[in-house]
C-alpha cells in the first residue's frame, strides 16, 4: 500500500509540470492576439534628444538620437533624419522597422531621402544581453520586448502628430526582414485605436512563425526542434502575422524573393494571401535581404520610395 502511494505521488509530481504547460499552452492559444500586444504606453516624454551632424550621405541632413519614456518600465529609442534646411513646411514621415541590429548605418542605404523625415525605430531588446546572462533567464525579457514592439511603434506614430515638422496626414511605416514580422500586428493595433496607416511596406515578411522557426533552427534535431519552436511561438503568439493580416485595411506593398533560403515560400505566399486588397505584390528573383547585400538593399529602398511617392505618401 505504501509503495502504491509513493508511486502515485511520484507520478503526480512528474505529471504536474506537463499539465501546467498544457494549461498554459491552451490559455495562450485561446487568448485574443491583440491582448498580447496592447501595452498601455502613455504619453511619450523625451529624456534625451542628441542632435548631431554626420556626412552619412551627400545630401545635407540633420540627425537626432531620441530616447523616450512612456512609463516606468518602457524606454523607446529611435533615430530621426530631417532635411536641412526644413523649407518651412511639414514633411511626410517614414518609420522604418529594420533588422535586429538596426542603427544609424541604415540611413546610408537611403542616399536621397529628399524632403521627407525618416525615423529608424530601435528594438527594446539588444542581442548583447545574451552575453551577460543565460538565455533561460533572458526569456521573459525577450518575450516582453517582442510583444511591446507594436505599442512602442504606435507611441512614436502618435508622438509625431504633435511635431511641427511632421505632416501627420502622411506617416507611413516600412518593415524589412525582422521588422516585417511586426508589421501586421502593428497595423492591426493601429486600426484598433483608430490610428490607421494609409500606406505600409512589408519587405521579406511571412506568416506562420512556427514553420519559419522550424525551417531556421537547423542546429537542433527533431523532435526537439518542433517542440521548442511550438513553445517559443506560442509565447509570442501576439505578433503572429497570420492572426493580424486579414484585419489590415492599409494599402500594402509586399516584397519577397524566390531564392530566399530563410523564409519558406509557403510562408510568404500565405502572408500575401491573407492580406486583403488593396495590395501590390513584387516578387524578386533574389535571396533573403541582408545589409551586406548592398545592391539588393538599395533596390528595395528604391522600390519602396517609388511606390510611396506614387501613392503621394512621401515627396518624390
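List the number of the failed condition for residue 230; all other conditions in (1) within 19 Å of residue 177 (Cα to Cα); (2) surrounded by fewer than 17 Cβ atoms within 10 Å (Cβ to Cβ) hold. Here residue 230 meets the rest and fails (1). Mind telling me which of the residues 113, 85, 92 ends up being touching a residue at least 60 places away in the same chain (Cβ under 8 Å) and over 19 Å from the mean Cα position of the chain (by Cα)? Answer to the selection: 92. Taken over segment 281-298, the criterion of being surrounded by fewer than 16 Cβ atoms within 10 Å (Cβ to Cβ), in a helix (DSSP H, G or I) and under 21 Å from the mean Cα position of the chain (by Cα) is satisfied by 298 alone.
Quick one: how many residues across segment 182-211 are under 20 Å from residue 264 (Cα atoms) and modelled with pLDDT of 95 or more?
In the first step, residues of segment 182-211 are kept if they are under 20 Å from residue 264 (Cα atoms); the result is 182-184, 201-211.
After this cut, where a residue has to be modelled with pLDDT of 95 or more as well, the list is 182-184, 201-207.
Residues in segment 182-211 being under 20 Å from residue 264 (Cα atoms) and modelled with pLDDT of 95 or more: 10 in total.
One line per residue, one yes/no per condition, for (1) out of contact with any helix residue (DSSP H, G or I) (no Cβ under 7 Å at 6 or more places or on another chain); (2) assigned to a loop (DSSP other than H, G, I, E, B):
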position	(1), (2)
170	yes, no
174	no, no
190	no, no
195	no, yes
200	no, no
211	no, no
225	no, no
246	no, no
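Can you spot a residue in segment 258-274 that is assigned to a loop (DSSP other than H, G, I, E, B), surrounded by fewer than 20 Cβ atoms within 10 Å (Cβ to Cβ) and in contact (Cβ under 8 Å) with a residue 60 or more places away in the chain? So far as segment 258-274 goes, no, none of its residues is assigned to a loop (DSSP other than H, G, I, E, B), surrounded by fewer than 20 Cβ atoms within 10 Å (Cβ to Cβ) and in contact (Cβ under 8 Å) with a residue 60 or more places away in the chain. Of the numbered criteria (1) surrounded by 18 or more Cβ atoms within 10 Å (Cβ to Cβ); (2) under 27 Å from residue 142 (Cα atoms); (3) at pLDDT 95 or above, the one residue 246 fails is (1).
Can you find even one residue in segment 94-104 that is at pLDDT below 80, exposed (fewer than 13 other Cβ atoms within 10 Å of the Cβ), out of contact with any helix residue (DSSP H, G or I) (no Cβ under 8 Å at 6 or more places or on another chain) and more than 22 Å from residue 186 (Cα to Cα)? Scanning segment 94-104 turns up no residue that is at pLDDT below 80, exposed (fewer than 13 other Cβ atoms within 10 Å of the Cβ), out of contact with any helix residue (DSSP H, G or I) (no Cβ under 8 Å at 6 or more places or on another chain) and more than 22 Å from residue 186 (Cα to Cα).
The values are calculated or read from the model by the stated rules, or taken from the named source; none is laboratory data. Model, not experiment: these values are computed from the prediction. When we count neighbours, we look across all protein chains shown, and the Cβ atoms used for this are built from the backbone with ideal geometry, even at glycine.
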